[in-house]
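Report on the following structure.
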Amino acid sequence: MSQSSTQKQTSLAQQGHRVFDMVRKFAKGAQEIEATLTSTTGEFLRFGNNELGQSQFTKSRTLSIRLASGKKQARTTTGRLDESFIQKAVEKAVDQLKTAPEDPDYLPMLGRQKYPTVNRYHERTVEESAETKAGHVGHAIDLARKNKLLASGILGTSVDEVFMLNTAGLEADYKGTGGYFSLTMDADNGNQTGAGS
Amino acid sequence: LLLGSSAQFVKELTPFIVLLMSYEALQGVAGSLTLAPVIHQAGSGTSYGIIEAVQSAFLSPDLTDVMSLFYGLHFPLVIGSAILLWYSNRVLYQRYLYSLVACSYVSLVFYTLAPSAPPWYNGVASNLLATTSGKIGSSSLFSELARIGSLIESDKLVAFPSLHAAYVVLFSYFTIKLKRTYALVSIPIMVGVLFSTIYLGQHYITDLVAGVVGVSDLRAHRYAVGPRERLRQVKLLESSKTNRARIGAVNSTKSLGEELSRVCLETAAQENATYADFRLVNTVSEVVSVINENPASEELNDLGAGIRVLYKESGWGFADTDEVNLENIRETTRKALALARGSAKIGSKASFVKEPVHVDDWVSPKKKDPLAVSTGTKYSLLHDATGRMKEEGIVARRGQIFSTRIEKYFANSEGSKIFQDLTQTGASLIVAAKGPSGIQRRSIQQYVLGGYELLDELDLPGQAPTLTKEALALTQAEGCPTGKSDVILSADQVGLQVHESCGHPIELDRVLGYEANFAGRSFLTPDQLGKLQYGSEHVSIVMDATLAHGHGLGTFAYDDEGVQAQRKYAVKNGKFVGYLMSRGTASQVGETRSNGCMRADTYKLPIIRMTNVSLEPGDWDYDELIEDTPDGILMDTNYGWSIDQKRYNFQFNCEKGYRIKNGSLGEMIRGPGYSGITPEFWNACDAVSNQKSWVLWGTPNCGKGQPQQVMGTGHGAAPSRFRNIRIFGAS
C-alpha cells in the first residue's frame, strides 16, 4: 500500500472518511474500529468458438467493518454505502462482538504507518478502448481460423482500489491496475488442446 | 400480437388512438376560421410549373390508379408500422407515436393561422385523385384507399405543411431504424407517396419540403420522451431499525427499476442499439453459523444494475454498476454500448430468438420470511443442534442457516417489464468424528425456494444425535471393497450425479465452446441430439423452472433475459433430447424459442445456467428396491468428486455406505466410492424409486463464468439403482 494521493485516489479516500465517521458514530462500545473500503472495476472480453461472446464491464464497492474490544473481534461487510445500511452492518458487528470468543493470539490494530510508494496504476490499461481490445481478440481469432483451430479465452483489465482507516491512526490506500490474457486453442472439438496465459 | 398483454396493448396504443380521433375531430377547422386562406395563383411560381409538367408528362389511367394507391396508404402505413414497432421495439414505438402526434399538432398551428389551399383548388393542377375515385370504383382495394384519401383531403385548406410527407418520412425513418433491411420496402413506399402527392395535384413542392424539414428539425421524439432529468437519486430500501419488515421494499425496487430502466432503454435507443435490457437486483442475504461453540453471522446487502445491449445485431456489450442513480445508469448504458460497438467490429450476426412480451409481477411462495426471524432465534436453534452433537470422539460440529431475498426488476426494449421477489432458505448440519480409521463425517443440507418453514421440516436438533452416532460408527466401520458391484445411490447423491454429469454437459454455451477456456466443453455435441442413448429407458431428466416442479433453487417465473419459466426434457426415456439454452444460442440447435436458462449472480452478466435439472421418479418403492437387490452397496450423501472437462469420466465418493445382502441392509462401510463413464453409467440404471422418496434438492454454490459467478440450482431425485458399477474405497 502507498499513501500517495492522486486526484482519483482522493475520491475514494473522501468516501472512506465519510464512511468511517458513520461507522464510528454507530460502533458504540467498541474499543477499536476499522473500516476498509474497496472498489473494483473490470472489463472482460470473453471469446469462444472463434467468436467474441461476452464483453462486460463490472463495478462494485464493498465496505468491511472490523470492531474489537479486548481480545474479541467481529467483522461485517456490506455493498451498500447508504447510512442506514452502514448502521445496520455496524450494529451487526457490535452484536457479534458481544458473543465472540476471545482470541488468545489477537494483535491490536496497527497505528499510523509510513509505506513506500508503490505505483501499480497504469492509465493506458484503463483507457484502452473497447474497440482496441476487441481488435486484440480478433487477432487471436484470425490466427485460429487461419490454422483451422477454435480459439477461446479472455482478455481482462481491472482497477482495484483499497482505502483503510482505523482508530489507532492508520490511514492507507492503494490503487493498481491489472490485465491478463488467456487463450486456449482447440482442434478436433476440444480433443486436442493447447493453452497459454 | 396480443400475446403480451391486451391491457398493455390498449394502453400503449392510446396515443395513437388520440391522434386519429383528433385528426377526425379537427376536420374542417381551417375552413371554418375567418382567416383568409393562402391561395396560390396558377403560373405564379416555378413549383406550380413542376406539377403541371409532372401531370402532363406522366398522365395515364394506370399510373393514376397506382398513385391513388400510394396516396391512400397514408394512414394504413402508419397503423401497420405502429403495430410492427409495438411488437418489435417498444421504445421506438413510443418515439414514433410521440413524433406523429407532435408533427400533427405543429401542423395544426399552420393550418389554423395560415390555411393553405392545395394546387388543384384553383386550377393550378388537375385533381387526379377525384378522377381516379370515379374510375376505379370496381376495384374494392383501390376504391377503399381512394375513399380514405378523399376523407383525408376533405379539409381543403391544409396543404402546408404536408402531413403526407411528414408521416411517410417518419414511417421510413422508424422502420429502417428498427431493421435496416426494411429500407428495401419503406424507401420505395416513401418515394411513391411523395410523388403521388405531386402527381395527383394534392400538394406543392413547398408543402412537401416543409413536411420533411419539419420532421427532421422537430425531432419530436427526443423531447417528448427524453431523459427525465428531474429524476434524482432515490434512496431505496431504508431498513427499519426495529425489525426487518420490508413491505415497502418491494415497491421501492420495482419503482426504482421502472424509472432507471426508462433512462437506460432510452439511452440505448438513442445510440442505435438493436436490443437492450436492464435489470435492477436487490439482494439481501444472511448466513448464521455456530461452529463448535462459536457463533458467527454475516449479512450481505447488495443493490446494483446490469445492462445488456446488442449493437448492429452483431455485438453484445454488458456493463453493471452498484451506483444506481440516474446519471450513472446513463453512463453505464453508454459503457455497455461502447463494448457492444467494439464487439460488433469483429462480431458475426447475432441470432436472438423471439420471446413474447411479458409484463408481470411474481412473488415466490413462503410461509415464514427467513429474514424476519431474528439472528438470536437462529443462534438458539443452531446451539441446540450442535450442542446435541457434543460427545467424546467428536472433533468438529457446525450448523448454518442461510436466508436470502432477491428482488429483481427486468425491462427490455421489446416491452417486457418483470418484477420478481424470490426468497430462499437453506440449512446444513455437519459433524466430524475421529477414530481408528481417521476422521469421518456426516452431514445433512437442504436449500429451497421458500421460507423459514424449512427449518421446521428439517428439525436439525432432532437429526443431530443420529448424525453424531453415524459419524462415530464410521470411524469403526470397514472400508469399501474395490471391484464391481450393483449400487443404490441415495436421492441427494443422485441429485449431484445429475448436476455434474447431465446438468453441466447440457449447457449449450459450454457445448458450443464458449466456456472452453475456463470450465471446459461437453461430450453432448449437437450431432448427438435426438440420437444418443444417454441412459436406460428408466432415465428421464427434465429442465424445469416452473413452480409446479417444486420449490427449488432453480425455480422462478422468468429468467434473467425475460424468458418465461418452462419445463423441457433433456433426456426422455434415456434419449438425449435437449439443452439448457438462451435466446442467443437456441437457434444454433434449431430451436425457435429459448427454454429460459439465462441466470445471473446478483446483477452480473446472465449466462446459461441450470434451472431445476431433475431425474423423474420411477415406479419402485424404496424398500422394495432394497429387497430386490441380492448383493450390492448403498451409498449415501456426497463427500467429494471429480469429473473431466467434457463431463464424461467421473468418480464420486460418499460419506457412508451399507452392504446390501439378500435384499436387506447389512453392515455400515466408510468412504464408499464409484466411478464411471457418463452414458455407460446412466445406461446401467435399472430402477428409480417413486415419488414417495423423490426430493428436490438444492445446490447453492455452482460456480461458472469469468469473473466467476455462484448460482443455486435444483435437482429432483429419488434413490436409484445402477448395475455392475466400478466401486472403490476412498481413503
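Points to keep in mind about this one:
- Estimated FRET transfer efficiency (B:Ala53, A:Asn147; beta-carbon r; R0 56 Å; 0.05): 0.30
- Amide proton proximity set for B:Cys597, modelled H, under 5 Å, gap of 5+: B:Met581
- Table column - 3J(HN,Hα) (Hz), region B:297-306, Karplus curve with 6.51, -1.76, 1.60, x for Gly and Pro: 9, 9, 10, 10, 10, 9, 10, x, 10, x
- Spacing of the two label points (7 Å from each Cα toward its C-beta) at A:Ala187 and B:Gln588, in nm: 2.3
- Range of Cα positions in chain A per principal axis (Å), largest first: 67, 37, 32
- Student exercise, the protein assembly as shown dipole from Lys, Arg, Asp, Glu Cβ charges, in Debye to nearest 20: 1380
- Calculated FRET value between B:Val363 and B:Ile83, using beta carbons and R₀ = 25 Å, to 0.05: 0.15
- Distance-filtered residues of region A:142-172 - backbone nitrogen under 15 Å, label point 7 angstrom along A:Gln31 Cα→Cβ: A:167-168
- Averaging Cα coordinates gives a centre for region B:279-350 and one for region B:47-119; these two points are 44 Å apart.
- Estimated vicinal HN-Hα couplings, Hz - region B:261-277 in sequence order (Karplus 6.51, -1.76, 1.60; Gly, Pro = x): 5, 4, 5, 4, 5, 5, 4, 4, 5, 4, 8, 6, 5, 6, 8, 8, 9
- Stokes-Einstein D (µm²/s) once Rh is taken as the Kirkwood radius of region B:367-515 over alpha-carbon pairs, at 37 °C in 0.692 mPa s: 175
- Rounded D (µm²/s) - region B:419-467, Kirkwood Rh over Cα pairs, Stokes-Einstein at 25 °C, 0.890 mPa s: 195
- In sequence order, region B:440-445 has phi-based couplings of 10, 10, 9, 7, 9, 7 Hz under the Karplus curve 6.51 cos²θ - 1.76 cosθ + 1.60, θ = phi - 60°, and Gly or Pro positions carry x.
- Backbone N under 13 Å from the B:Ser443 label point (7 Å along Cα→Cβ), restricted to region B:645-675: B:653-656
- Nearest-0.05 FRET efficiency for B:Glu313 and B:Val209, computed from C-beta distance (R0 41 Å): 0.75
- Cα pair distances exceeding 14 angstrom across region A:23-99, given as percent: 64
- Spin-label pair A:Glu83/B:Leu63, simplified geometry with 7 Å Cα→Cβ offset, distance in nm: 7.7
- Between B:Thr546 and B:Gln566, the built amide H atoms are under 5 Å apart, and every one of these is 5 or more places off in sequence or on another chain.
- Taking chymotrypsin sites (Phe, Trp or Tyr not before Pro) across region A:43-96, none is in a DSSP loop with at most 13 further Cβ atoms lying within 10 angstrom of its Cβ.
- Violating pairs (Cα-Cα greater than 19 angstrom) within the set A:Lys92/B:Lys378; A:Lys72/B:Lys390; B:Lys378/B:Lys469: A:Lys72/B:Lys390; B:Lys378/B:Lys469
- With bins 10 Å wide beginning at 0, the percent of Cα pairs of the protein assembly as shown falling in each bin runs 2, 10, 16, 19, 18, 14, 9, 6, 4, 2, 1, 0.
- Note that region B:371-454 shows a convex hull volume over its alpha carbon atoms of 112 Å³ per residue.
- Max-minus-min Cα coordinates of region B:560-702 on each principal axis give 52, 28, 26 Å, with the largest extent listed first.
- Binning all Cα-Cα separations of region B:444-594 at 5 Å, short to long from zero, yields these whole-percent fractions: 2, 7, 12, 16, 17, 14, 10, 10, 7, 3, 1, 0.
Here, each number is a calculation from the coordinates, and none is a lab measurement. This one's a predicted model, so the numbers in the text were calculated from it and none came from an experiment. Please note: Cβ atoms are built from the backbone with ideal geometry, for glycine as well, and neighbour counts cover all protein chains shown.
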